[in-house]
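Colleague: Below is one structure. I have some questions about it.
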There are 2 protein chains.
Amino acid sequence: MGKWESFFSKDTQLLKSSEIRDLLKLTEGRNVISFAGGLPDPSTFPVEDIKKITNEILESKSSQALQYTATAGVSELREQLVSFSNLRGISNITQNNIFVSVGSQEALYILFNVLVNPGDHVFVEKPTYLTALNVLRTRRPEFHGVPISERGPDLHEMERQLKNLQSEGKKVKLLYIIPTAQNPAGTTMYMEDRKYVMELASKYDFLVVEDDAYGFLVFDGDNPPPLKALDKEGRVIYLGTFSKILSPGLRLGWIVADEEIIREVELFKQNVDLHTPSFNQFIAAEAIRKGVIQNNLPKVKSLYKEKRNQMLSAMDVYFPSNVKRTRPVGGMFVFVWLPGNLNTTQLLQQAMMQGVAYVPGNSFYYDYSGTNTMRINYSFPSKEEINKGIEILGNLIKSKI
Amino acid sequence: MGKWESFFSKDTQLLKSSEIRDLLKLTEGRNVISFAGGLPDPSTFPVEDIKKITNEILESKSSQALQYTATAGVSELREQLVSFSNLRGISNITQNNIFVSVGSQEALYILFNVLVNPGDHVFVEKPTYLTALNVLRTRRPEFHGVPISERGPDLHEMERQLKNLQSEGKKVKLLYIIPTAQNPAGTTMYMEDRKYVMELASKYDFLVVEDDAYGFLVFDGDNPPPLKALDKEGRVIYLGTFSKILSPGLRLGWIVADEEIIREVELFKQNVDLHTPSFNQFIAAEAIRKGVIQNNLPKVKSLYKEKRNQMLSAMDVYFPSNVKRTRPVGGMFVFVWLPGNLNTTQLLQQAMMQGVAYVPGNSFYYDYSGTNTMRINYSFPSKEEINKGIEILGNLIKSKI
């Protein structure tokens, strides 16, 4: 026991399960090909545009951009996010429906704190984004899982569970869902399924937290509008992020939601950090206003599509045929199922010794099932690293089956 | 009751007491002289230096500065903060003792979440920084107050209470204290009192959260080293901020603490927002490395000293003689005691109608006492506004007594 451990609050006990992060820390500075993170390719950062914008901001509005600003976000950015949301088909909103956060991670953190009590019934996809799960876990809800198939979440299964809960007199609080280019599964829901989710939400009266992190990064097939665009009752809370379309280092995300929910989030954020950095918000506002982000997107999508293709080809060559994998239509990840007796957490240390890292997939399951799965990132590694890393991983898997 | 109110978590019930903020929001865009905020004078922002620095960063290390970085902070800034801490007399630390946060507000938020359980015994000064109190309140501790006199906290009174608690078998968890240019009282503790606090902390085995927000902004008298410089046991957790010495809009603060505590804070922050903006951290690192902050401080201190003098002179002219006030040796605020029967919360609406705003002082007392006090900011308003605003306020007070 550490010297100060007896001083830590009970809440910290929910923060202990970080063996994977500790393990992955070992890759830092070592010659390991990492498929573990979710980093954008830095060649996609519009550096020259950002430089021009920062100079303009410091010349014309430094006394605002370097000063304290409002908790919900600076008006200039909220206004731009209204029109930027229109690009995704979200209309009928004003800047009072917009809230700016320190990455969409902070939006998830605040929303789950504002909405979830211990014991609340919460639906998540199986698998789903692990850091959202980590935050949710600290709220100690009762989890219910919606299995993901090739067409996205199995909504019939979800309806079956909703009916059961209702018959037991239990009320569902919310669904956390990534309808487009799902992380980690790479699936995008059909329009009819999106409507179905909205019908279920209305019928069973729950809120929907819609994570649209990859909504602007769909490079294959249809890209139907987000659930928020179909939301007539104000029950969808939409999350966007600049991390994948401008720069993660600026730490900027946003929420689109009913004003009543925005006000509650604002009160909570006042305690967390007063407000999101003003300078960064002015940069993002100008990057939208000037069309920097919009004009950069085709390049980003085409690069990630190439890298995905490279990754899938390498898997076709080096992975044994009884390994199942997704064919992501967007985003940054391939999800992989090994034969059921293989444990990807146990495999990780060996993989790292051989020079390749990934995230074991069970972290993406609220119940830590999926022990034979792994998430593989293709946006950050180079094409050469993709090829080499998949060869190493394929040989390791073959040696185990 | 709002449409979604039944969906809000129990924790949000602790966030409701914001009448003052709602009231002060009414000043926005109106012609009101505001003594309410804690904003730096924007003329102190080293805009040209920041412009030069941002250009250099975007030219030479954009792929790090715009990318995801480590949760505890970028190595470049943590290293600079080691030497910057030395300027305040804090030595024998490495960058593993440094943690970078989104303003020192986030440091307070995470620390109090990591350290305080409901019912824990926590000491605070009376009065003390209101947003720290707001965060502490959400942790539902048992508060104990240390009254502030002209020489700072009354430590004999604190020792008396510590003895009582000990005799009742109760253990104290922590003390939150602002030893230098206290907010709102403007006092700086003598060296002997600082040693006395450290003896009490050791004897009664509690942690000390030391808020040094104004440690670089002392313009009168001695500026003894912070408690952290006297800390032999690792029980002081030191908080610094760039908000008053570089720019609040960058939202950067830092913690200096024992490595074990840093690791716990890091785990918690991973959930809150993954990490503090990388770009901003590189800016601050360069601003220290190039001496921008160090060279700017004399100008900032001299401006705030002038403004404080202007404020005190105006109070001497316009305030009735039975109004008591502090003579701050640093920082940004004067604290004022009206005759005991006057309620500054009730007075605020009238003051605002007449064109001047302040923060009612009872928000700075954990028990909401101090109903006849107010906090007056002098760093942001111009000298003309200081004079005019104090005249209005003085006349209003005179009309009430």
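The values are calculated or read from the model by the stated rules, or taken from the named source; none is laboratory data. These numbers come from a predicted model, not from an experiment. Every residue, glycine as well, gets a Cβ built from its backbone with ideal geometry; the counts of neighbours run over all protein chains shown.
Colleague: Out of A:Ala185, A:Ala229, I need the residue that is among the small types (Gly, Ala, Ser), more than 11 Å from every other protein chain (Cβ to nearest Cβ) and surrounded by fewer than 24 Cβ atoms within 10 Å (Cβ to Cβ). Which one?
Modeller: Going through A:Ala185, A:Ala229 in turn, just one is among the small types (Gly, Ala, Ser), more than 11 Å from every other protein chain (Cβ to nearest Cβ) and surrounded by fewer than 24 Cβ atoms within 10 Å (Cβ to Cβ): A:Ala229.
Colleague: Can you say whether B:Asp154 is surrounded by 20 or more Cβ atoms within 10 Å (Cβ to Cβ), modelled with pLDDT of 95 or more and of a type in the set (D, E, K, R), as far as the supplied structure shows?
Modeller: Details: surrounded by 20 or more Cβ atoms within 10 Å (Cβ to Cβ): no; modelled with pLDDT of 95 or more: yes; of a type in the set (D, E, K, R): yes.
No.
Yes or no, residue by residue, for (1) among the hydrophobic types (A, V, I, L, M, F, W, C); (2) closer than 25 Å to B:Tyr238 by Cα:
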{"site": "B:Arg251", "(1), (2)": "no, yes"}
{"site": "B:Trp254", "(1), (2)": "yes, yes"}
{"site": "B:Arg263", "(1), (2)": "no, yes"}
{"site": "B:Ser278", "(1), (2)": "no, yes"}
{"site": "B:Lys290", "(1), (2)": "no, yes"}
{"site": "B:Asn295", "(1), (2)": "no, yes"}
{"site": "B:Asn309", "(1), (2)": "no, no"}
{"site": "B:Gln349", "(1), (2)": "no, no"}
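Colleague: Within the set of pairs 6 or more residues apart or between chains, which connect a residue that is at the interface with chain B (Cβ under 7 Å from one of its Cβ atoms) and within 19 Å of A:Gly249 (Cβ to Cβ) inside the stretch A:106-119 to a residue that is among the charged types (D, E, K, R) and crowded, with 23+ Cβ neighbours inside 10 Å with Cβ atoms less than 6 Å apart?
Modeller: Going by the 6 Å Cβ cut-off, the qualifying pairs are A:Glu106/B:Asp273.
Colleague: Could I ask something else about it? With respect to B:Ile386, is the statement that it is of a type outside the set (Phe, Trp, Tyr), in the same structural domain as B:Val32 (by TED's automatic domain parsing) and under 26 Å from the mean Cα position of the chain (by Cα) true?
Modeller: Spelling it out, B:Ile386 is indeed of a type outside the set (Phe, Trp, Tyr), in the same structural domain as B:Val32 (by TED's automatic domain parsing) and under 26 Å from the mean Cα position of the chain (by Cα).
Colleague: Scan the stretch A:117-151 residue by residue and report those that are in a helix (DSSP H, G or I) and among the polar types (S, T, N, Q).
Modeller: Answer for the stretch A:117-151, where residues must be in a helix (DSSP H, G or I) and among the polar types (S, T, N, Q): A:Thr131, A:Asn134, A:Thr138.
Residues checked against (1) at negative phi; (2) surrounded by fewer than 21 Cβ atoms within 10 Å (Cβ to Cβ); (3) assigned to a helix (DSSP H, G or I):
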| residue | (1), (2), (3) |
| --- | --- |
| A:Ile293 | yes, no, yes |
| A:Asn322 | yes, yes, no |
| A:Leu347 | yes, yes, yes |
| A:Met352 | yes, yes, yes |
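Colleague: Considering each residue of the stretch A:251-308, count those that are of a type in the set (Phe, Trp, Tyr) and within 12 Å of chain B (Cβ to nearest Cβ), and give that number. Spell out the reasoning first.
Modeller: Looking only at the stretch A:251-308, we keep the residues that are of a type in the set (Phe, Trp, Tyr), and these are A:254, A:268, A:279, A:282, A:304.
Checking which are within 12 Å of chain B (Cβ to nearest Cβ) leaves us with A:268, A:279, A:282.
Adding up the residues that qualify gives 3.
Colleague: Filter the stretch A:168-208 down to the residues that are part of a loop (DSSP other than H, G, I, E, B) and among the hydroxyl-bearing types (Ser, Thr, Tyr), then identify the one that is nearest to the chain's Cα centre (by Cα).
Modeller: Looking at the filtered set, the residue picked out is A:Thr180.
Colleague: Could you count how many residues in the stretch A:279-299 are farther than 16 Å from A:Thr241 by Cα and either of a type outside the set (S, T, N, Q) or touching a Lys or Arg at 6+ places or on another chain (Cβ under 7 Å) (or both)?
Modeller: Residues in the stretch A:279-299 being farther than 16 Å from A:Thr241 by Cα and either of a type outside the set (S, T, N, Q) or touching a Lys or Arg at 6+ places or on another chain (Cβ under 7 Å) (or both): 6 in total.
Colleague: Please identify the pairs in which a residue from the stretch A:337-348 that is among the polar types (S, T, N, Q) has its Cβ atom under 6 Å from the Cβ atom of a residue that is part of a loop (DSSP other than H, G, I, E, B), counting only partners at least 6 apart or on another chain.
Modeller: Close Cβ pairs satisfying both conditions: A:Asn343/A:Thr371.
Colleague: Only one of (1) in contact (Cβ under 8 Å) with a residue 40 or more places away in the chain; (2) farther than 21 Å from B:Ile93 by Cα; (3) surrounded by 24 or more Cβ atoms within 10 Å (Cβ to Cβ); (4) of a type in the set (A, V, I, L, M) fails for B:Leu250. Which number is that?
Modeller: The failed condition is (1).
Colleague: Looking only at helices (runs of 4 or more DSSP H) that fall completely inside the stretch A:9-71, which ones have 2 or more residues that are at pLDDT 95 or above?
Modeller: A:47-60, A:62-65
Colleague: Restricting attention to the stretch A:130-146, does a residue exist that is aliphatic (A, V, I, L, M), over 23 Å from B:Leu274 (Cα atoms), modelled with pLDDT of 95 or more and touching a Lys or Arg at 6+ places or on another chain (Cβ under 7 Å)? Working first, answer last.
Modeller: Initially, the stretch A:130-146 is screened for residues aliphatic (A, V, I, L, M), giving A:130, A:132-133, A:135-136, A:146.
Those still in the list that are over 23 Å from B:Leu274 (Cα atoms) too: A:146.
Retained after the next criterion (residues that are modelled with pLDDT of 95 or more): A:146.
With the extra rule that they be touching a Lys or Arg at 6+ places or on another chain (Cβ under 7 Å), the set shrinks to A:146.
Within the stretch A:130-146, one or more residues are aliphatic (A, V, I, L, M), over 23 Å from B:Leu274 (Cα atoms), modelled with pLDDT of 95 or more and touching a Lys or Arg at 6+ places or on another chain (Cβ under 7 Å).
Colleague: Just to be sure before I move on: is B:Ser313 touching a residue at least 12 places away in the same chain (Cβ under 8 Å) and away from chain A (no Cβ under 14 Å) in the structure I sent?
Modeller: no
Colleague: Just give me the residues in the stretch A:28-68 being without any contact (Cβ under 8 Å) to a residue 60 or more places away in the chain and either surrounded by 20 or more Cβ atoms within 10 Å (Cβ to Cβ) or within 7 Å of chain B (Cβ to nearest Cβ) (or both), in sequence order.
Modeller: Once the filter is applied, which keeps residues that are without any contact (Cβ under 8 Å) to a residue 60 or more places away in the chain and either surrounded by 20 or more Cβ atoms within 10 Å (Cβ to Cβ) or within 7 Å of chain B (Cβ to nearest Cβ) (or both), the stretch A:28-68 yields A:Pro42, A:Val47, A:Lys51, A:Asn55, A:Leu58, A:Ser62, A:Ser63.
Colleague: Right, next: Looking at A:Ser91 and the list (1) part of a helix (DSSP H, G or I); (2) more than 9 Å from chain B (Cβ to nearest Cβ), which single condition is not satisfied?
Modeller: Answer for A:Ser91: the failing condition is (1).
Colleague: Quick check on my filter: what residues within the stretch B:197-226 are within 23 Å of B:Phe380 (Cβ to Cβ) and within 14 Å of chain A (Cβ to nearest Cβ)?
Modeller: If the condition is that a residue be within 23 Å of B:Phe380 (Cβ to Cβ) and within 14 Å of chain A (Cβ to nearest Cβ), then B:Ala213 is the only one that fits.
Colleague: If the requirement is being closer than 28 Å to A:Lys299 by Cα and touching a residue at least 12 places away in the same chain (Cβ under 8 Å), which of these qualifies: A:Val208, A:Val256, A:Val197, A:Val236?
Modeller: That would be A:Val256, the only listed residue that is closer than 28 Å to A:Lys299 by Cα and touching a residue at least 12 places away in the same chain (Cβ under 8 Å).
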